[in-house]
Structures are given as C-alpha cells and as structure tokens.
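J.: Have a look at this one.
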C-alpha cells in the first residue's frame, strides 16, 4: 500500500476544504477598490458592415465613465494566433486580423462592437441599450462547403476565399495510399459530422484589469488555464506592455476544458481600459454571452475510407475533413484539425498507409478551437466508427477485427505512418480488461431481458489513442507552433524544512495542489502537509505554458521532479558536510540523510536550517540557501490508450437511448493519485456521452445561434448518466519522463462518443434494423427514431 | 435603492439594493458572501442554490427584496459550529465529489435539502433531485456517491476501481 500523501495514494484533496465552505477565490470574487464595470455591446447579426456607431446618448447616461469603440484601439494590435499551419503546397495559412473590437465589419453573432464602462453593472447595461449602431446586414457564410463556393460571401474581404488552409498529411504518402485503395479487397466508406460543441466550464469567464500609475504596473485577473501565455500574447502582441510591467493572475478557476486557454478580447480590453480610466475595470461574462464568445469545439465534416485486404487486415486510411475555424483564428485553432488530429489517425492499429486532408474554413460563427481532447476525439470518432462499419459489412465481430489489427505488445516503440512514435502500450490487455469489467459474458441474458421489456439492447466498443504531454518544443516549432511547450517549476525550501513549489502549470479542477505535493513528498520522504503548491500568478511562478492537453503531470510534474532532484543533490552536499562524510555515501530515506553503513544521520530540517543559517557550512564551494528552478522539455508526446465499452437500451417506439452501463479500461502509465485519475475519467466520459447523445451547438442559415443558453443546449445532467466502471490496472509506464506518467484528462471525452454510437448501431442491428449504418451525433430520440423508420 | 435586512447564516445583515437586484447578486455583491456562485442566466445551472426559510431556492430566480426578512443559509453557513466540515461536506471530500469547485456550493445546498426531506434516498432519487444542478467536471458519479454516503449508505460497491 502506498503511504498516504505519497505516490500512488488516493490522498484526499486539500483544495476541497475551501471549495466546500464557500471560501474559494474565483476571479469574480475579486472586487478592487474603486472598480468600474464593463458591458460589451455585441453584434446580433452574423455578418454586416458597420456604417455608424453613435455613442453620445450612452455616454451621457447616469454612471457612465466612457464608451469605447474600435476607434479607441487604432494603435493596438489584433489578437494573435499561436500556430501557423503550412498548407499542402508549402504556403502559410491565411491569417486575418482579429481586432479587439469589431472594426468596419461584424463577423459573428457576439462580435463586440462597443463597450460601456460605468460605476455599476446595471448602469453599463442600461447605457449599452442607448448606443445606436447602423449595420448593413450581409449574407453570411455558415455551412462550410457552401462557404468555399466561388460566389460565397467573404468573411474577410481582404482574403481571396474563405479557405484558411488546405492541408495534406503525409503528402508524400498520397500516391501510395491511392494505390492501396485501388488494390484493396474491401473498402468501407463513412461520411460523418463531428458536432460542434461548447465547452461550458461552469464558471463563466471574468476579467479584472488594474493599473498602478506610480509603478506603471498592469495587473490582469482572469479565468485562464495559462496566465503566462496570456501575459506573453497580450503584452507582446496586443497592448505592447513588456512582461515586467504586466502581471497576470488566474486564481481559482472553475473549469476550463480548453476554452480558457485562449487569449480573449475582454482580457485585453479590461487591461487597456484600466489604464485609460485610472480605475480597475471588471467584466463578468453572462452564460448567454459565453455561448457567443467562448471558443467552440469540434465542428468537423469528414469522409473516411478504410481499405482492407482479403484477410481483413487494414491496408490504408484516407480522410477528407472540413474543419470550421469560425470568423477569426482563435489562439491555437489551426493546430487542432491538423497536428492534433492527423497524427492520431493510426489509432491503435498497424495500418501502414494513411493520408489525411483537412480544409479549414472561415465562417460567420464564433471561433472554434481546442475543447477537451482537441483533434484527438475527432480522429478517434471517425476511425472507431469506420472500423465498426467495416466489421458489419464483412460480417465479422467488431471486437475481433480490432484485435486482429492492433499494434502488438512486442512492436513498441511503434513508428506510425503519421509521424509519431508510440513509446509503450498494450491494447490487447486493455481490451481484455474492458470485456471483463463489462461482463460481456452476461450480455446475451441482459439483452433478452431488455427484449422482454420491448427495449433494444446493444454493446459498443471503441479503442482510443491520444498524444498528450505536449510537447517537444523543437518538434512543435517545426510544425508551426509559435510557442515552446516546456514546463517549469521552482522548489523553494524554507529554513525549517517546509516547501513551496511554484509551478508553471495551472489547476482548474485537476487537484494539482494535492497530487503535485504527493510527488515531492515521496521524493524527499516528508509529510505532504509540509509542501504547498503555488500556481496561477506570473509574479511568483516561473514562465510556464499552463495546463491543457493532459500535460500537467507529464510535463509540469517532470519539471517539479527535476527541480526537486536538484534540491536533493544540494541537500546531500550539505548533509555530507554536517556528517563529515563523503557526498557519495549520503542516502536520503524518509526525510533523513544517513551515511551508508553507519548510524550517523541528520534529518531534513537539520539540513534546511543549515542552508539558511550557514554557520557550519561549506561556503567555499556551496552557496547558502535551498531553492532550485527547472525547466522540462519532453522528448516525445505521451500516448495514453484504452478501451471503452458502452451498453445501451434503445426504445424503438420513441428512439430514446439510455446508457445502462459504461466501462473504461485505460492505460495512463504510472498513477500518482488514483482517486483523482478516476474522477478525470468519469468527467471526461460525461462530456463524451454528452456529445454523443445530447449536446449540439446549432446555427441557422443566417448565422443566428439557436443553442445560446442552457434552455437550448443540452448539458448532461445527473439523471442522464449511469455509474461508471473505471479501471486503470493495465499500465505500461511512459519511458521518457521521470514519473512514467501519460496523462488522463482527456481520455474519457475522446473514447466515449464512438463507443456510444457503436452501441446504438449494435442495438439496432441486433433487432434487424441493418439498414442503419450511421447516425450523426447527437443521437437524439428524433434522429434515432427516424433512422429506425428509414427517414 | 432601499435597505434590505435578512438573517444570513445566523447573522442579521443589511445592505442597499435596487428593486431589480437578484438575491444571488445581493448575497455576492451586497453582503460579500461570494461562496454562492452564478453559472448561468436562465436559472438552469443551480450553482446559486441557497436555503430561504428552509427551502432550497435558486437565488438567481428570486429578487433580493422578496427575501427581505427571511432566514437564509448559504454554503458559508454549512460547516459545523467548530468550523469542521459537516457530514455532507465531508462526504464530498471523501468521495471526490468536486473538482473545480464552482458548482459545489449549489450541489451541497441542493443535496442537503434532499437529505432533510428524504434521509435515505436511492441512487435514482439522488440523480433526479440533482437534475437542476449542472456539474461539468465530475460526471456526477462521485457526487451521487457522496450524497448516498452522507445518508449513511454503503457505497463501497458503487462503480469499480482498479486493484
């Protein structure tokens, strides 16, 4: 049994105490003395030319301090894009300007036109209604394929078309892939939609800008997953504020799921306006506003083809995807349908030839960017659906077709045809474990019971791979990233032995304050209660890239290990001096330094005190103090994988799908806190099941957002979901990070949508509805009923 | 603007509020009790649930003036007198029933109201009762487990973990 507070223990989370008592400190809980309130007037049309904005009446309203429009931002840069994709002809993507406030044109419902800053929120809202905006509405580009037609309305007048890029990967493989399709014994083709989603962290975004003229110091409090990234992007590219004059604080953040990675206009506005008005300026997003301003996720339209030989071995995969960028390029948007998607198209299989084509399209909709999984759910969904469809066409068991084509346990490290090298994995083991915990043996009896009640029961499997722990900086630099993707840590040991760890990653629900402390406690052998994890403030943490892509433990945790090792090495030198022994003979165990083979020892606090009170200390060759910083840049991605099994009951009368059981067998490598890992999987499953059955972000043909609140956008609720069976015992540790961890944050959302859809198709086929080969998500009762009834 | 007085977590508190001020905004802005959260503007998410005269209420669905003179309990008033976590709060920690913590105050207040009415609910009853509280992090598994555990029921067989 692991020791409580050490690696492998389900240690209870320390952050819960403040959250359970109402003492969390979220951004909206911050109220600065003298703060004013901002309210954004937003476009209610998807596409239009701004003829005139008259703010005079609004400016004269009670409590109004100032009304801002694009004219106030003439000297300010646009919101930058952090990733430049190169198209299949070697040309850079098209990168239109993204102004802080709409300039000349509005390009989506929600595009900000003007901002009122007033003494109270109510006054700012009231005054915004008095702004007169004269807009000529233009035809909108909404449907991606229509948006690429020659006569389509242009989202950006200065671009030749709405195409952002046309990407081919691997372009050199294309001819060989086409040849494999010409000679295939069987080809399965599937056209599908990966539905547009809204991340919906429960805490809406908030920004509070503050400015201290006496020190020329800006501070931004914001709901961010990566405060250092915001500081760099906003400071260097938008407002021209050098880092030492700009502090960004992301305190307790109420969920992110990707959508709080990006730099948003409201952050730049509040920082800018605070200096202009010499008052703190606060903006709190309403949920309705969040639906039309938070970056959305997914929204791919894909055709995938799978070629098989006469023995049912996969020989090639070819895909064509249209990926929605929305009206502007959000911070990491171009990378999602390309490098986070194309590189995962091998899945768990030995398919030797793969070609992925992606056309990214500008439309008059909210920008689309990374949402939990980001590209990997899109890859997994199409692959696991087409494999299932192939099995049904060939009359073979979908589970056995997968097993036959899996990369074998002895083939690792495995070079895929889509650039990446999987270091470890055992897909056969996770599949076997999945079938065991799903009680597949008892399925027929359960199906018969359902049938007696008039219900159609089905079981579907999906096996996923993901690339996490992003990322090797030199690699992503070659791929177009404009940032490094290392992580940082400073370990500050205090004189009496307590430790403050400053991490560049950020927690917004993941429990880092508990799990990171477990890592350091295990390494030094002291009580985890002596260790604090500090994150979220650029003023005290080293430059780090933040939390997304299941990277925090694999990259951020590795930086902490590296810094802690530096601490231990120095502490051993101090101990050797105190014990009058050779450094090579010093052993650290359970917080005590001993001379090997003797009973001479000094405890942790004895060494730390000597470091700061260096009366008896080797000052001639060792500095006093005990504080170390490390930056860790991974040499490869990590590759979590697993098998998910979904059991459904379909009511043929109504088309309603009920998830009656859901099992997950994951390989996350080594695990620091099993309780937290299981919680991450359960939450991811709920989001994936939400995508499969409930959630969809819908625009009408004019670009009006039809799903703009929780009245219209179906969030999964407690009574939509079952208890989950989650297993993580089939672990193959990562070989290239010091903890052997792979990351667990996104798996649930990646693996579950195809498992759900496969289960529903299975239920329908077992009941004889074999004409149904695919249903697009979300599988609402109406869609399932229509599919059954041939509509 | 008019001065409002109400008893909140056992203390009599007063502050000014406009007629249109929602109870949720009054608690957060007027009284500085920021434990009550606002996660939507359509009374759907339940992050703002408090108890008004013993009833669980979404505080965004009520005007502050309607609550004048009422007895209110918020998440800040749920711990034991000595500051330790109540049985329900402790169950949320023990069973990892929260991640980001934003929906948590509303979840705890809703669950407390359920247990006051129905001290031994079934899993289905817990799920049905919490239908008005949205959580994006946990998938509800551990929230449901925590509420069942707080009611004194054995949850050791719920779901399976490795090992």
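J.: List pairs: first residue in the range A:14-43 and in contact (Cβ under 8 Å) with a residue 40 or more places away in the chain and away from chain B (no Cβ under 13 Å), second residue assigned to a helix (DSSP H, G or I) and surrounded by fewer than 21 Cβ atoms within 10 Å (Cβ to Cβ) anywhere in the structure, Cβ distance under 8 angstrom, at least six positions apart or on different chains.
T.: So the pair list comes out as A:36/A:277; A:39/A:121; A:39/A:125.
J.: Only one of these conditions is not met by residue A:730: (1) part of a loop (DSSP other than H, G, I, E, B); (2) within 12 Å of chain B (Cβ to nearest Cβ); (3) closer than 25 Å to residue A:110 by Cβ. Which number is it?
T.: All conditions pass for residue A:730, except number (3).
J.: I've got another one for you. State whether the residues of the range A:73-92 include one that is over 27 Å from the mean Cα position of the chain (by Cα) and either within 14 Å of chain B (Cβ to nearest Cβ) or in a strand (DSSP E or B) (or both).
T.: no
J.: If you don't mind, there's one more thing I want to ask. Which residues, taken from the range A:100-123, are surrounded by 22 or more Cβ atoms within 10 Å (Cβ to Cβ) and assigned to a loop (DSSP other than H, G, I, E, B)?
T.: A:100, A:101, A:102, A:107, A:108, A:109, A:110, A:111
J.: Right, next: Does any residue of the range A:549-563 turn out to be part of a loop (DSSP other than H, G, I, E, B) and under 25 Å from residue A:2 (Cβ atoms)?
T.: Yes, the range A:549-563 contains a residue that is part of a loop (DSSP other than H, G, I, E, B) and under 25 Å from residue A:2 (Cβ atoms).
J.: If you don't mind, there's one more thing I want to ask. Residue A:676 - would you say it is at the interface with chain B (Cβ under 10 Å from one of its Cβ atoms) and in a loop (DSSP other than H, G, I, E, B)?
T.: The answer is no for residue A:676.
J.: Still on this structure, I have one more. Taking residue A:569, is it free of Cβ contacts under 8 Å to residues at least 40 places away in the same chain, closer than 26 Å to residue A:513 by Cβ, not assigned by TED's automatic domain parsing to the domain that holds residue A:414 and not in a loop (DSSP other than H, G, I, E, B)?
T.: Yes.
J.: Could you tell me whether the range A:371-393 includes any residue that is touching a strand residue (DSSP E or B) at 6+ places or on another chain (Cβ under 7 Å) and over 17 Å from residue A:188 (Cβ atoms)?
T.: yes
J.: If I filter the range A:388-397 down to residues being over 17 Å from residue A:692 (Cβ atoms) and touching a residue at least 40 places away in the same chain (Cβ under 8 Å), which single residue comes out as surrounded by the fewest Cβ atoms within 10 Å (Cβ to Cβ)?
T.: Among residues in the range A:388-397 that are over 17 Å from residue A:692 (Cβ atoms) and touching a residue at least 40 places away in the same chain (Cβ under 8 Å), the one surrounded by the fewest Cβ atoms within 10 Å (Cβ to Cβ) is A:396.
J.: Tell me, please, whether a residue that is part of a loop (DSSP other than H, G, I, E, B), touching a strand residue (DSSP E or B) at 6+ places or on another chain (Cβ under 6 Å), surrounded by fewer than 21 Cβ atoms within 10 Å (Cβ to Cβ) and assigned by TED's automatic domain parsing to the domain that holds residue A:235 can be found in the range A:37-50.
T.: yes
J.: Given the conditions (1) in contact (Cβ under 8 Å) with a residue 12 or more places away in the chain; (2) assigned to a loop (DSSP other than H, G, I, E, B); (3) facing chain A (nearest Cβ under 10 Å); (4) over 19 Å from residue A:716 (Cα atoms), and given that residue B:138 satisfies all but one, which numbered condition is not satisfied?
T.: The single condition residue B:138 does not satisfy is (4).
J.: Looking at (1) facing another protein chain (nearest Cβ under 9 Å); (2) touching a residue at least 12 places away in the same chain (Cβ under 8 Å); (3) surrounded by fewer than 22 Cβ atoms within 10 Å (Cβ to Cβ), which is the only condition residue B:128 fails?
T.: Exception for residue B:128: condition (2).
The rows are residues; the columns are (1) within 12 Å of another protein chain (Cβ to nearest Cβ); (2) surrounded by fewer than 24 Cβ atoms within 10 Å (Cβ to Cβ).
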site	(1), (2)
A:255	yes, no
A:264	no, no
A:269	no, no
A:276	no, yes
A:297	no, no
A:312	no, yes
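J.: Only residues that are under 24 Å from residue A:209 (Cβ atoms) and touching a strand residue (DSSP E or B) at 6+ places or on another chain (Cβ under 6 Å): list them for the range A:66-105, please.
T.: Hits for the range A:66-105 are A:66, A:67, A:68, A:69, A:101, A:102.
J.: Taking the stated definitions as given, is residue A:716 outside any helix (DSSP H, G or I) and surrounded by fewer than 21 Cβ atoms within 10 Å (Cβ to Cβ)?
T.: no
J.: Residue A:460 - would you say it is in contact with a helix residue (DSSP H, G or I) (Cβ under 6 Å, 6 or more places away or on another chain) and either outside the structural domain of residue A:655 (by TED's automatic domain parsing) or modelled with pLDDT under 95 (or both)?
T.: no
J.: Can we say residue A:389 is in a loop (DSSP other than H, G, I, E, B) and within 29 Å of residue A:766 (Cα to Cα)?
T.: no
J.: I want to confirm something. Restricting to the range A:233-253 and keeping residues that are part of a loop (DSSP other than H, G, I, E, B) and within 14 Å of another protein chain (Cβ to nearest Cβ), which single residue is surrounded by the fewest Cβ atoms within 10 Å (Cβ to Cβ)?
T.: A:251
J.: Moving to a separate point now. If I filter the range A:700-710 for residues that are in contact with a strand residue (DSSP E or B) (Cβ under 7 Å, 6 or more places away or on another chain) and free of Cβ contacts under 8 Å to residues at least 24 places away in the same chain, do I get at least one hit?
T.: yes
The values are calculated or read from the model by the stated rules, or taken from the named source; none is laboratory data. Values in this document were obtained by computation on a predicted structure and should not be read as measured data. Every residue, glycine as well, gets a Cβ built from its backbone with ideal geometry; the counts of neighbours run over all protein chains shown.
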